[in-house]
Structure formats: C-alpha cells, structure tokens
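In what follows, a single structure is set out as structure tokens and then discussed.
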Amino acid sequence: MAEKEKLRIDKYLWAIRIFKTRSLARDACDKGKVKLNGDSVKAARTVAIGDEYEIRTDGRKWVIKVLSLLHNRVQHTEAIKHYTDLTPEEELQRLEYQAATFFTGKRRSKIGRPTKKERRELDDFME
C-alpha cells in the first residue's frame, strides 16, 4: 500500500482518537486549541513526522509528537503507536486527582442494576 503524502491535522487528530469526530477536531483548530510551536494551526495544516502539537480538549491538555501518519481511524491500541504522548507529569497528576475526586452520582460501570432487595433498601433509606 502506497503511503499518501499529505494528511490534514484535523483528520490525523481524529484518526489517533484525540477527538471523537473529525468535525470536533476541525472546530478545535478553528478555535485555536491546536498549536504547533506556540502558533495556532488551521484544520487544513499538513502533518509532518516529528511535529509536536499542543492540544486542548474538554478534559485535558495533550502534548504529542507525530511518529507516523495515520489516514484512517483505528483501535486505540493501534492508534497510540503513531504518536508519543509528551504531556507534562503535573498535567497527568492533575487528571488522576480530578478522576479520583469527581463523582457523577451514577453507579460505577460493570456493577449492573440494583437488585430488588437493594431497591427496597434504597426506598426505605429515602423515606
């Protein structure tokens, strides 16, 4: 398979799973949340191997270095092979702290629905 020469930054960020959709990646570029060497980049900017980008998403700040180009969206385990995460340690620690202290009020995943007995106990507790 011949490797394509040009790849847009919005498509690359979508392919490596930084953004869920390509339009979200494009919007982030338009709003100045994607930077190369401190300068905001447009969505049509061509990605080159070795580029280092600073990306701000809703939940976190990323600093990535492009290792290889990826034209199509793939599994996360495959996608992480195409970039190096250079995010500063203090940002990662802030994310861990935030995840440990943040409570949405929803049940944890993989627990399932409450049993009938648990619902009765909850009803008794709420009365």
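What follows draws every value from the coordinates through simple rules; no lab data is involved. Note that the coordinates shown come from a computational prediction; the quantities given were computed from them, not determined experimentally. Glycine gets a Cβ as well: all are built from the backbone with ideal geometry, and neighbour counts include every protein chain shown.
Do the sum for the chain: with -39,500 (n - 2.57) for every DSSP H run of n ≥ 4, divided by all residues, what is the mean residue ellipticity at 222 nm, to the nearest 500 deg cm²/dmol?
That calculation yields -9500 deg cm²/dmol at 222 nm.
Between the range 4-46 and the range 113-127, what is the separation of their alpha carbon centroids in Å?
Using only Cα atoms to place each centre, the spacing works out to 48 Å.
Looking at the chain as a GNM with Cα springs under 10 Å, which of LYS11, LYS65, LYS20 has the largest mean-square fluctuation?
Looking only at LYS11, LYS65, LYS20, the biggest GNM fluctuation is shown by LYS20.
Report, largest value first, the span of the C-alpha coordinates of the chain along each principal axis, in whole Å.
For the chain, the Cα extents along the three principal axes come out at 64, 35, 25 Å.
Starting from the 7 Å offset along Cα-to-Cβ, what nm value, one decimal, do you get for the label separation of THR84 and SER68?
Computed distance between label sites THR84 and SER68 equals 1.6 nm.
Among ILE111, GLY59, ILE18, which residue has its Cα positioned farthest towards the positive end of the charge dipole of the chain, with +1 placed on the Cβ of Lys and Arg, -1 on the Cβ of Asp and Glu, and the dipole taken about the Cα centre?
ILE111
Show me 26-39, 84-97, 114-127 ranked by packing, highest mean number of other Cβ atoms within 10 Å first.
Descending mean neighbour count gives 26-39, 84-97, 114-127.
Would you mind counting up the charge near GLN93? Only other residues with Cβ under 13 Å from its Cβ, with Lys and Arg at +1 and Asp and Glu at -1.
After counting each charged neighbour, the total is -1.
Under a point-charge model restricted to the Cβ atoms of Lys and Arg (+1) and Asp and Glu (-1), what is the dipole moment magnitude of the range 1-90 relative to its Cα centre, in debye to the nearest 20? Could the numbers behind the result be given before it?
On the way: 19 positive and 14 negative charges, 84 e Å.
Magnitude of the dipole: close to 400 debye.
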